[in-house]
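This report refers to the structure that appears directly beneath it.
The values are calculated or read from the model by the stated rules, or taken from the named source; none is laboratory data. Just so you know, these numbers come straight off a predicted model, no measurement behind them. Cβ placement follows ideal geometry from the backbone for every residue including glycine, while neighbour counts extend to all protein chains displayed. Just so you know, the surface numbers come from the protein's heavy atoms only, side chains and all, with ligands and any DNA or RNA stripped out. Shrake-Rupley method; radii C 1.70, N 1.55, O 1.52, S 1.80 Å.
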Amino acid sequence: MTADSSKSTPITYSPAATGATWSALGMSLVWAEEFDAPIEWGAKWVGDRTSAYRYANHNPDDNKLDWLDPGCVTVSGGVATFTATPAAHTLESGLQAWRTGLLTTEYTAEGFQVRTGDCAEIRLRLPSGNGAWPALWTWKDGGNEVDTFEYHPDNPHLLELSNHVNDACTYYTDAHAVVPGRWVTIASHYGEHCVDWYVDGRRVFRDGTGVGSDWSAYLILNLSLCAGAYHPAPSAPGPVTFAVGHLRVYR
């Protein structure tokens, strides 16, 4: 599939079985990354640290091999590619680290945060390599985490959809839409009383708990590498890759 095929718009959603789009629901695009220009490091994105990681640029506590390197995120033809390869670092766990990419709005000059009522939508190509652990999630003040998705290729048709603010989660399985190497659009609507998740325009999960009225958080988009405790670790020398066509926020 070509890079242009990642830009399948408009996306049609059916939150009330009406076929309504976000604009028809009274929502407007307020922030977007289309990956059609060089990454605005420092202004829009930071890629060398996150407060979600114990050591800022790595976090073996979460069974991750990550060692963050902004050079592992490249942009071409309207697509961002995250590439992970073995690093010359040894983690506190004693395992070899992998250089990999992460984008966060935390620590940026813009300081963009999603908030209650927003919808985050991502267009991505699911990876196929062992150890790949891509995700779009939120983080602030040691929590405020909602996972628009997490994915592991050893469960090739399964997405993990989670609200860690008011605990709720599901394993969503779809043998048609969730396939390694396939482009898919995933969205989460951060409602006060209910977070809704969508896959290719269809609502697939409502958590019934929501994020509360005054929730806000920074965005994190990244490719983690599993250390092997819960999912297979990557096979050296790699690489492991993950591609994203866009990330948009509606309000």
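Using 0.36 nm per residue of separation minus the Cα-Cα distance, give me the extension gain between Asp214 and Glu40 in nm, one decimal.
Difference between extended and current length: 59.8 nm.
3J(HN,Hα) along the stretch 83-95, derived from phi through the Karplus expression 6.51 cos²θ - 1.76 cosθ + 1.60 where θ = phi - 60°, amounts to 10, 10, 9, x, 10, 8, 10, 10, 6, 4, 6, x, 8 Hz, with x in place of Gly and Pro.
Residue-wise HN-Hα couplings along the stretch 160-174, as the Karplus relation 6.51 cos²θ - 1.76 cosθ + 1.60 with θ = phi - 60° gives them from phi, are 9, 10, 9, 10, 9, 6, 10, 2, 6, 6, 8, 9, 9, 10, 8 Hz; Gly and Pro carry x.
Which of the peptides 202-209, 161-168 is most tightly packed, and how do the rest follow, going by the mean number of other Cβ atoms within 10 Å of each residue? Show your work: numbers first, answer last.
Values: 202-209: 16.6, 161-168: 18.5.
Descending packing order for the listed peptides: 161-168, 202-209.
Within the set of other residues whose C-beta is less than 10 Å from the C-beta of Gly191, count the net charge using Lys and Arg as +1 and Asp and Glu as -1. Before the final figure, lay out the partial values.
Working: positive: Arg206; negative: Asp118, Glu192, Asp196, Asp207.
Residues near Gly191 contribute -3 overall.
Assuming a viscosity of 1.567 mPa s and a temperature of 4 °C, what translational diffusion coefficient in µm² per second does Stokes-Einstein assign to the stretch 12-141, Rh being the Kirkwood radius over Cα pairs? Provide the component values of the computation, followed by the final result.
Numbers: Rh = 16.7 Å.
Estimated via Stokes-Einstein, D reaches 77 µm²/s.
Considering only protein heavy atoms and a 1.4 Å probe, what is the carbon-and-sulfur percentage of the accessible area of the chain?
Details: 4870 of 10150 Å².
Answer for the chain is 48 percent, counting heavy atoms of protein chains only.
Solvent exposure of the stretch 117-242, expressed per residue, is 36 Å² of accessible area, with all protein chains present and a 1.4 angstrom probe. The candidate values were (i) 1.04; (ii) 0.97; (iii) 0.94; the one computed from these coordinates for Rg/Rh (Cα atoms, Kirkwood Rh) carries the label (iii). The HN-Hα couplings worked out from phi for the stretch 45-50 by the Karplus form 6.51 cos²θ - 1.76 cosθ + 1.60 (θ = phi - 60°) are 9, 10, x, 10, 6, 7 Hz, whole numbers, x standing for Gly and Pro.
Rounded if a/c is under 1.5, else prolate if a/b beats b/c, else oblate: with a ≥ b ≥ c from the C-alpha gyration tensor eigenvalues square-rooted, which is the stretch 53-107? Let's see the in-between values first.
Numbers: a/c = 2.96, a/b = 1.65, b/c = 1.79.
Oblate, because a/c is 1.5 or more while a/b does not exceed b/c.
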